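First up is the structure itself, then whatever we jot down about it.
The values are calculated or read from the model by the stated rules, or taken from the named source; none is laboratory data. In this text the structure is predicted, and so the values were computed from the model without any measurement. Virtual Cβ from ideal backbone geometry, glycine too; neighbours counted across all protein chains shown.
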Amino acid sequence: MKFTAGIVSALLASAVTAASPYKKIFIENDGCTGLNILFPLLGDIEIVGMSGSMGSYSRVDAVGSCSTLLADLNMTSCIPLYAGAEHPLLFNKNTFKVWETLYGPLVWEGAFTAGYEDSYTWDEINYDDTTFAAVELIKAVKAAPHEVLVYAAGTMTTVAQALTIWPEMPKYTRGLTIMGGYLDGQIAQATGGNMTSDLFSDINLIQDPEAAQMVLTADWPELIIGANVTNTIYPTTELFERIVEKVGGIENVRTNPDLKAVLAFVGENATAPDASTNLPLWDEIVSAYTAYPDLIKSEIKIKLAVDTSIASPFYGNIRVWSEELAPKHGVKTGTARWITDIDRERIENMIVDVYTKNWNEYCKVGGPLDFDL
Ligand SMILES: *[C@@H]1O[C@H](CO)[C@@H](O)[C@H](O)[C@H]1NC(C)=O
Ligand SMILES: *[C@@H]1O[C@H](CO)[C@@H](O)[C@H](O)[C@H]1NC(C)=O
Ligand SMILES: *[C@@H]1O[C@H](CO)[C@@H](O)[C@H](O)[C@H]1NC(C)=O
Ligand SMILES: *[C@@H]1O[C@H](CO)[C@@H](O)[C@H](O)[C@H]1NC(C)=O
């Protein structure tokens, strides 16, 4: 079957050629992964800015992880990185603990975890320390009205800060795409064990419910929510091996400085963690269908709001309605495209595709090159 390989790769290549409708993206997250950057670039989307904010990690760790990644990809000089929010608008470690005492603990508490220790210090991080993410997000939107898609895969705090400065901003963006907003996960959470409970806990919204409500009910031209589908693709040893084989073997991955981003993704032994610790490619899946919306196989339109009552077990969770039964007065609601199915096989092929291209000269040539291994 060797001779079919050329045809297979030709098919794969054509599978990702449908042009993205998006041209510019601002990436806000509570930590970065390579695919957050590489999927938009593969889709020929310009990354107008990136930022890190407190959420699953502290702000310094969020910015630090993005800085390491940009350095690994040799993109520090052409993708600006900023610091976002240091803490939520209102919620804090103490009130979070009080809420957990009332309604039960979360398995994953992110930067609210007792005894959390920073991994980075500011002096070792390469970022633009003359400004802040909310301001730069606003500037990016002003510089290219109606073109910038906002990608927010951590808490909504930094985007909410921008809205307090410029409430009309959403209208001037291309839209908002987020990671979070799980639905119907209660039975799974109650019966699936800690890991499943974690998968369906909406930590991105829970850590800053007020910001989430502000942002998700704002006037975006489109609001795209993935949630459940982002739990459906995991790193596997097989996926890692497909990449490693195409870039000259694991020894090459360990030693070749051009393959730092591959090493960061597959690890030194290219072995996926076992099921009890392996995590879905949450943010990466959002990056994939954001860059290539034709990866979305089905979706529904819903009205939504975020519960902002601290005296509620659903504080920070979304509540959804049909258009006609959604509250018209009182609670403000937003309108979202809720993604219900994606093309998983093609996303996995795209992962192999991006990591087997050489992005190290991106800042100079504006795209990927073939590896010369
Ligand atoms: C599940 O999570 C809770 C809360 O973090 C913890 O107390 C418990 O030990 C965990 N159970 C298992 C089996 O890991
Ligand atoms: C979300 O996931 C849960 C658990 O797998 C499932 O029961 C539910 O149907 C899903 N909801 C939607 C709207 O996809
Ligand atoms: C990789 O494998 C070697 C040899 O089995 C082991 O010593 C090392 O801890 C592994 N590294 C990781 C990151 O799992
Ligand atoms: C890193 O990027 C610069 C352009 O910004 C380029 O000149 C240099 O060759 C790149 N380094 C590597 C190792 O590709």
note = Output for Cβ contacts, cut-off 8 Å, separation at least six or different chains, first residue in a helix (DSSP H, G or I) and more than 16 Å from ligand 1 (Cβ to nearest atom) in segment 353-367, second among the hydroxyl-bearing types (Ser, Thr, Tyr) and modelled with pLDDT of 95 or more, reads Cys363/Ser77
ask   = Which ones in segment 258-309 are surrounded by 16 or more Cβ atoms within 10 Å (Cβ to Cβ) and either within 16 Å of ligand 1 (Cβ to nearest atom) or aromatic (Phe, Trp, Tyr) (or both)?
value = Phe265, Trp282, Tyr289, Tyr292
remark   = Scanning segment 176-186 residue by residue, those outside any loop (DSSP other than H, G, I, E, B), in contact with a Leu (Cβ under 7 Å, 6 or more places away or on another chain) and free of Cβ contacts under 8 Å to residues at least 60 places away in the same chain turn out to be Leu176
Search result, residues across segment 158-210 that are closer than 24 Å to Tyr103 by Cα and among the acidic types (Asp, Glu) = Asp184, Asp198, Asp202, Asp208, Glu210
message = For the list (1) in contact with a Gly (Cβ under 7 Å, 6 or more places away or on another chain); (2) within 16 Å of ligand 3 (Cβ to nearest atom), I need the number of the one condition that Ala291 fails.
response = (2)
request  = Can you confirm whether segment 233-247 contains a residue that is among the hydrophobic types (A, V, I, L, M, F, W, C), closer than 18 Å to Leu373 by Cα, more than 15 Å from ligand 2 (Cβ to nearest atom) and touching an Asp or Glu at 6+ places or on another chain (Cβ under 6 Å)?
outcome  = no
request  = Return the residue satisfying two criteria in turn: it lies in segment 264-275 and is of a type in the set (Gly, Ala, Ser) and assigned to a loop (DSSP other than H, G, I, E, B), and of such residues it is farthest from ligand 4 (Cβ to nearest atom).
outcome  = Ala275
ask   = How many residues does segment 73-88 contain that are crowded, with 21+ Cβ neighbours inside 10 Å and either in contact with a Leu (Cβ under 6 Å, 6 or more places away or on another chain) or under 30 Å from Tyr362 (Cβ atoms) (or both)?
value = 6
query = When the residues of segment 89-113 are filtered to those that are touching a residue at least 12 places away in the same chain (Cβ under 8 Å) and not in a helix (DSSP H, G or I), which remaining residue is surrounded by the most Cβ atoms within 10 Å (Cβ to Cβ)?
reply = Phe91
query = Looking at segment 208-238, which of its residues are touching a helix residue (DSSP H, G or I) at 6+ places or on another chain (Cβ under 8 Å) and among the aromatic types (Phe, Trp, Tyr)?
reply = Trp220
request  = Quickly run through segment 189-248 and pick out the residues that are touching a Phe, Trp or Tyr at 6+ places or on another chain (Cβ under 8 Å), polar (S, T, N, Q) and without any contact (Cβ under 8 Å) to a residue 40 or more places away in the chain.
outcome  = Gln189
message = Going through Ile243, Ile178, Ile233 one at a time, which residue ends up being buried (at least 22 other Cβ atoms within 10 Å of the Cβ) and either at pLDDT below 95 or not small (Gly, Ala, Ser) (or both)?
response = Ile178
Unmet requirement for Asn278, which otherwise passes all of (1) in contact (Cβ under 8 Å) with a residue 60 or more places away in the chain; (2) within 16 Å of ligand 3 (Cβ to nearest atom); (3) of a type in the set (S, T, N, Q); (4) part of a loop (DSSP other than H, G, I, E, B) = (1)
